[in-house]
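In what follows, a single structure is set out as structure tokens and then discussed.
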Amino acid sequence: MRHVHAIKQHRRRGKFAFAQFYQFADFTKSESGSLNPESESTTNMKKTYRLLPAKLLMATLALGAIQAHAATSMSDADILNILKQRVDTDKKGVGLVVGIVDEKGSRVISYGYANLAERRPVDGDTLFEIGSVTSAFTGVAMMDMAEKNEIRLKDPLATYLPASVKVPYYDDRKITLADLSSHRSGLPAAVSANSGSDNPYAGFTANKAYEFLSGYDMKYDVGTRFVYSSFGNGLLGLALSQRASTDYDTLIKNRVTTPLGMTATGVNLNADMQKRMATGYSSKTQFATAPAWNFTSFEGAGGLHSSANDMLKFLAANMEQTKTPLNGTMHKLQVPFETGNRLLFVWGGYNNKFDSSILGLEGKTGGYSSYIVFDKKAGKGVVILSNADVSVADIGNKIINSEFPLAQ
């Protein structure tokens, strides 16, 4: 089977601007939301540096910097080989598109097909379902509304829903917008109209979400555990849309994609976007075509589509390597929102393995997977889009820092 690949590079003028760097311990998305402390080996290394003579210390640091740079750098050819391996040898992909932002500017590396039958190659303009990466856009819209005093993050969710909806609580602790965005609401990971279906959100209306919410029995205290909840993402999208008196697609267009100049990202697809849409494939049936996920009115749970070229604009803005009206808004999502708590809105927390400082978010639907990840300290960001339901997070982390292992 012949595969088509492409590498495109777009160079930008000017220097890169870096936001203040906040370094935290590794963050693990466990039920308890526990944080992993800095490794003992790193601590011992710091003690060793303090004991070295000044000249030797400088030489050691210089050598370490060279080694660190070598460890974190991958050529475009190396990345392309990883994509080929994943598609041709491992049989864990159909089409893969990687968008990269680094010191070279931004570029796209792609391999495989948008449609197996038509042998249509993927490229930077191919559209994919991005699943839970949608929540990153919801978070920006939420923070934008908070900055404009249209909402308050610590307001109860019930404030922004119809009066008939009974929002559950635990020991008088009410679920807030902040709880939804930080995944501490106590709500379940997922709720759908067609549990176990290849298209779980088809027919899942706002009223069905409200009905489930009104009858849900809380299992533990609100705000005490980190449990990723797509249901919470959907509710947050509903609440913000209700407050803005619009639908979710328009909310994201007005608050995020239009200010960033993104023209290929949305819930609803026009004729041109439909032509560029990749076909989704399920690994459960040896890459048979998978039905698209259709969202009736719960799009915040994962209803956006996008292309690598469009996502590069979102990625660069998050890294503050382009000047946009949303730089400050995005930065607020990358720092703790509570004193003494390392948890972040949307992103959860930093991954500090291998001396990185990574923020990443993964999405998956019935026939697609996606990953957006960046490290401001390293000045590098990656977005990966795939039309197969196999995780690509390991590839993104590997491109950021080559010390991260690929999945076996």
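The values are calculated or read from the model by the stated rules, or taken from the named source; none is laboratory data. In this text the structure is predicted, and so the values were computed from the model without any measurement. Note that we place each Cβ from the backbone using ideal geometry, even for glycine, and neighbour counts take in every protein chain shown.
Some notes on this structure:
- Top-ranked residue of the range 364-385 - restricted to ones that are outside any strand (DSSP E or B) and crowded, with 24+ Cβ neighbours inside 10 Å, ranked as farthest from the chain's Cα centre (by Cα): Gly367
- Every residue from the range 93-106 that is out of contact with any His (no Cβ under 6 Å at 6 or more places or on another chain) and either outside any loop (DSSP other than H, G, I, E, B) or crowded, with 18+ Cβ neighbours inside 10 Å (or both): Gly93, Val94, Gly95, Leu96, Val97, Val98, Gly99, Ile100, Val101, Asp102
- Taken over the range 267-281, the criterion of being part of a helix (DSSP H, G or I) and touching a residue at least 24 places away in the same chain (Cβ under 8 Å) is satisfied by Met273 alone.
- Looking only at the range 195-208, residues that are in a loop (DSSP other than H, G, I, E, B) and over 14 Å from Thr365 (Cα atoms) come to 3 in all.
- The residues of the range 282-319 that are among the aliphatic types (A, V, I, L, M) and part of a helix (DSSP H, G or I), listed by number, are Ala301, Ala308, Met311, Leu312, Leu315, Ala316, Ala317.
- Qualifying residue in the range 124-131 (condition: more than 22 Å from Phe295 (Cβ to Cβ) and either in contact with a strand residue (DSSP E or B) (Cβ under 9 Å, 6 or more places away or on another chain) or at pLDDT 95 or above (or both)): yes
- Options Lys219, Lys253, Lys208, Lys174; residue that is closer than 14 Å to Gly300 by Cα and not small (Gly, Ala, Ser): Lys253
- Pick from the range 107-140, criterion assigned to a loop (DSSP other than H, G, I, E, B) and among the aliphatic types (A, V, I, L, M), ranking: nearest to Ile372 (Cα to Cα): Ile130
- The range 133-159, residues that are among the hydroxyl-bearing types (Ser, Thr, Tyr) and crowded, with 19+ Cβ neighbours inside 10 Å: Thr134, Ser135, Thr138
- Test: residue in the range 300-312 that is surrounded by fewer than 23 Cβ atoms within 10 Å (Cβ to Cβ) and more than 26 Å from Tyr113 (Cβ to Cβ): no
- The conditions of being among the polar types (S, T, N, Q), buried (at least 18 other Cβ atoms within 10 Å of the Cβ) and assigned to a helix (DSSP H, G or I) are met by Asn233.
- Residues that are within 13 Å of Asp144 (Cα to Cα) and part of a helix (DSSP H, G or I) within the range 247-266 comprise Leu251, Ile252, Lys253, Asn254, Arg255, Val256, Thr257, listed in sequence order.
- Test: residue in the range 339-347 that is at pLDDT 95 or above, surrounded by fewer than 20 Cβ atoms within 10 Å (Cβ to Cβ) and not hydrophobic (A, V, I, L, M, F, W, C): no
- Taken together, the criteria exclude Ser214 from residues that are closer than 28 Å to Pro188 by Cα, crowded, with 19+ Cβ neighbours inside 10 Å and without any contact (Cβ under 8 Å) to a residue 60 or more places away in the chain.
- Just one residue in the set Lys353, Lys364, Lys332, Lys377 is over 16 Å from Tyr228 (Cβ atoms) and touching a helix residue (DSSP H, G or I) at 6+ places or on another chain (Cβ under 7 Å); that residue is Lys332.
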